[in-house]
Structure formats: C-alpha cells, structure tokens
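The values are calculated or read from the model by the stated rules, or taken from the named source; none is laboratory data. Here the structure is a predicted model, which means the values were calculated and not measured. No Cβ is skipped: glycine too gets one built from the backbone with ideal geometry, and neighbour counts run over all protein chains shown.
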Amino acid sequence: MESRYNPAEIEEKWQQLWAEQGADLTPEAIKKPKFYALSMFPYPSGNLHMGHVRNYTITDVLARVRRMQGYRVLHPMGWDAFGLPAENAAIDRGVHPAQWTYQNIDQMRAQLQRLGLSYDWNREVTTCSPEYYRWTQWIFLEFFKAGLAYQKEAAVNWDPVDQTVLANEQVDSEGRSWRSGAKVERRLLKQWFFKITAYAEQLLKDLDQLDGWPERVKLMQENWIGKSIGAEVTFKTEAGDALPVFTTRPDTLWGATFMVLSPEHPLVEKLTTEQQAKAVQAYQTAAAAKSEIDRTADDREKRASGQAVMP
C-alpha cells in the first residue's frame, strides 16, 4: 500500500470497484430498517463550489454510516432546475434553456461523481423534466380540489433583473439578490398559497415527536407556524365598510384610539384623499427600495404614510 495518499489513483480505483459492486444502489425490498438521506438539490449553475462540497459531504457521511449499521439506505441526488434564472442565463448566452441546463447538469454530475459521494444515480431527479413536474402539477390539483390552494395578493421580494420572486433568505444584508446582485424591490403580486394554517395545531403537536432536534430549531419551527390565540373583531368605517382586526387582547379594545392599515390594504384608496393617496404612493416607493432588514429593524424611525380618520 502506498504510504502517501494519491487521490487521482486511489479514488479512481475504489470508485470503479464500488460502481461494479453496486455499493451505492438502494437495495431491493428486504427486511432491513430504512433510512432516507436527502440533501437540498443544487441549482445547475454549471460548477460546484466548496459550499456544495461541505453540504453534500455531511449527508454522504450519514448515508455511509447507516449502511454500515445495516440500514437499507436511499441516498438520491437531483437538480433544482426549474425557473426563470435558467431562462435568463440561457438568453444571456444565446442558447436554449434546456441545452444550457442539461449541459450544466452533466458537468456538475461528473464533479459530484469525482468526489466519490455515495449517491444512487438510478434515482436521479431533474425538476425541469416533464416526467418530474407532471407529479408536482398533480399534487397541486389535489390540493386545489381539497380547498387547500387559494389565490391572494401579497407583498414579495422582486428581482428586477431575473424578473422573479425571491425568498427572504435569497436577499443579502444590503437588500440585493443573491444571484443577480440587483437591488430587490417589494411588490404586490397575486399568487397561489397553500392553507398550511389549517394544520397549525397538528404541526405544533408533532414538534414533540422530533426527538434529538435542538430546542432552538424546534422553537424556530414553532414561531414559523405562528399560532396566535385571540379574537377577530369587525369595526365599521363611516361609509359602512367592514374592517376586521385580529387581536390577542380583546379585553383592551375599549382603550383603542386608532387602527393602522398597511399601504396595500384595499380600503386605503377609499379612505384617503387625493393628497393622502400620493403620500401613500411615495411611502410605498421608498419602502420598496429598502431591504427586509432595514424595513423590520427595531431601531428605525416609525413613519406614517398618510392618515385617514375613522371612528
């Protein structure tokens, strides 16, 4: 045995042997405890970086340990390949999105294989493939039929370059898109939602079954579910419009002196004068240019976008 580690020689030798033996393939149905090792699918940008290596090494170690402990391990890999970023990147390069995406997948798959990660490549998933997204469409329709999918307007993080919506985690501390670098805007967008709140109680109860999870992570999940106990009280404007307000302290309502509407509330236009409406619009424009951190900072000065008196 060589005294020095020669990766080009050793890795190639053992990876070839593992492939011949099918060491990473998911065993057929046998009487063994099952273990599912799943990492977040990478976006096929074309090249892995050390963040990928760190992330997928962790899952690989778990999968290998469970195999050695006698588990029947399913350890797949897939590609988060659906969306406008792929289209925009293809437009920039003057190629078809499918060509650009699949060539990146081929390159990144080869890089993962060179790392020797123990994936069952027979279980590979590509989210832009019709064979895959036909099932996401089917699941959505099942939610819709059950009354668990609905549309409403809501404020989103909008990337003006990629022309797509971003999660808060995809916006950096300067309020820029993690991918395009563009200054993120806040926009109202009519979009689909799942009625997860219908399962809030069940989700909260099941947190107790997460043995071994850090308490801080369980607390984050509890806050994300966001159950509040209170009452919805309906006030009336002078014009007779209903304004439902949720409060966790209905006993303090007799001391209420005013209510605040978000600039996007449908009643704002009806309750404001022309001058006040302009002030609201200016406020929205200024707020859209701020990052999520700036908008929610505890030490920022509070501002009113316009006032409309309501009894």
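Within the stretch 226-248, the set of residues being touching a strand residue (DSSP E or B) at 6+ places or on another chain (Cβ under 9 Å) and part of a loop (DSSP other than H, G, I, E, B) comprises Ser228, Gly230, Thr237, Thr248. Of the residues making up the stretch 15-53, those that are within 17 Å of Trp121 (Cα to Cα) and part of a helix (DSSP H, G or I) are Gln15, Gln16, Leu17, Trp18, Ala19, Glu20, Gln21. Taken over the stretch 83-103, the criterion of being more than 17 Å from Asn47 (Cα to Cα) and buried (at least 18 other Cβ atoms within 10 Å of the Cβ) is satisfied by Asn88 alone.
Against the definition (within 23 Å of Ala19 (Cα to Cα), over 21 Å from the mean Cα position of the chain (by Cα), among the acidic types (Asp, Glu) and surrounded by fewer than 17 Cβ atoms within 10 Å (Cβ to Cβ)), how does Asp106 come out, yes or no? The answer is yes for Asp106. Gln170 passes every criterion in (1) over 24 Å from the mean Cα position of the chain (by Cα); (2) farther than 27 Å from Phe144 by Cα apart from (1). In the stretch 135-156, the condition of being surrounded by 14 or more Cβ atoms within 10 Å (Cβ to Cβ) and among the polar types (S, T, N, Q) is met by no residue.
Would you call Val73 assigned by TED's automatic domain parsing to the domain that holds Thr26, touching a Phe, Trp or Tyr at 6+ places or on another chain (Cβ under 7 Å) and more than 25 Å from Leu166 (Cβ to Cβ)? It is true that Val73 is assigned by TED's automatic domain parsing to the domain that holds Thr26, touching a Phe, Trp or Tyr at 6+ places or on another chain (Cβ under 7 Å) and more than 25 Å from Leu166 (Cβ to Cβ).
Only a single criterion out of (1) among the aromatic types (Phe, Trp, Tyr); (2) assigned to a helix (DSSP H, G or I); (3) in contact with a strand residue (DSSP E or B) (Cβ under 8 Å, 6 or more places away or on another chain) is not satisfied by Trp192, namely (2).
Rundown of residues vs (1) surrounded by 11 or more Cβ atoms within 10 Å (Cβ to Cβ); (2) under 27 Å from Ala198 (Cβ atoms), yes/no style:
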| site | (1), (2) |
| --- | --- |
| Val217 | yes, yes |
| Ser228 | no, yes |
| Lys236 | yes, no |
| Ala239 | no, no |
| Phe246 | no, yes |
| Arg249 | no, yes |
| Trp254 | no, no |
| Val260 | no, no |
| Leu267 | yes, yes |
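The strands (runs of 3 or more DSSP E) located wholly in the stretch 56-170 that include 1 or more residues which are hydroxyl-bearing (Ser, Thr, Tyr) occupy 149-159, 164-166. Would you please list the contacts, defined by Cβ atoms under 7 Å and residues six or more apart or on different chains, that run from a residue in the stretch 112-136 that is at negative phi to a residue that is among the basic types (Lys, Arg) and not in a strand (DSSP E or B)? Matching pairs, first to second residue: Ser118/Arg64.
Taking the stretch 1-28, which residues are surrounded by 14 or more Cβ atoms within 10 Å (Cβ to Cβ) and over 20 Å from Ala110 (Cβ atoms)? Scanning the stretch 1-28 gives Thr26, Pro27.
Of all residue pairs spaced 6 or more apart or on separate chains, those with beta-carbon atoms under 9 Å, a first member in the stretch 173-202 that is free of Cβ contacts under 8 Å to residues at least 40 places away in the same chain and in the same structural domain as Gln163 (by TED's automatic domain parsing) and a second member that is surrounded by 12 or more Cβ atoms within 10 Å (Cβ to Cβ) and among the aromatic types (Phe, Trp, Tyr) are Leu189/Trp158.
Is it the case that His52 is surrounded by fewer than 13 Cβ atoms within 10 Å (Cβ to Cβ) and either of a type in the set (Phe, Trp, Tyr) or on the phi < 0 side of the Ramachandran plot (or both)? Before you say what the answer is, go through the steps one by one.
Working: surrounded by fewer than 13 Cβ atoms within 10 Å (Cβ to Cβ): no; either of a type in the set (Phe, Trp, Tyr) or on the phi < 0 side of the Ramachandran plot (or both): yes.
No: the conditions fail for His52.
Does Pro266 satisfy being assigned to a loop (DSSP other than H, G, I, E, B) and under 34 Å from the mean Cα position of the chain (by Cα)? Taking the combined requirement at face value, the residue satisfies it.
Could we say that Arg67 is among the basic types (Lys, Arg), surrounded by 13 or more Cβ atoms within 10 Å (Cβ to Cβ) and over 21 Å from Gln113 (Cβ atoms) here? In short, no.
Looking only at the stretch 157-167, residues that are within 14 Å of the chain's Cα centre (by Cα) and surrounded by 13 or more Cβ atoms within 10 Å (Cβ to Cβ) come to 4 in all.
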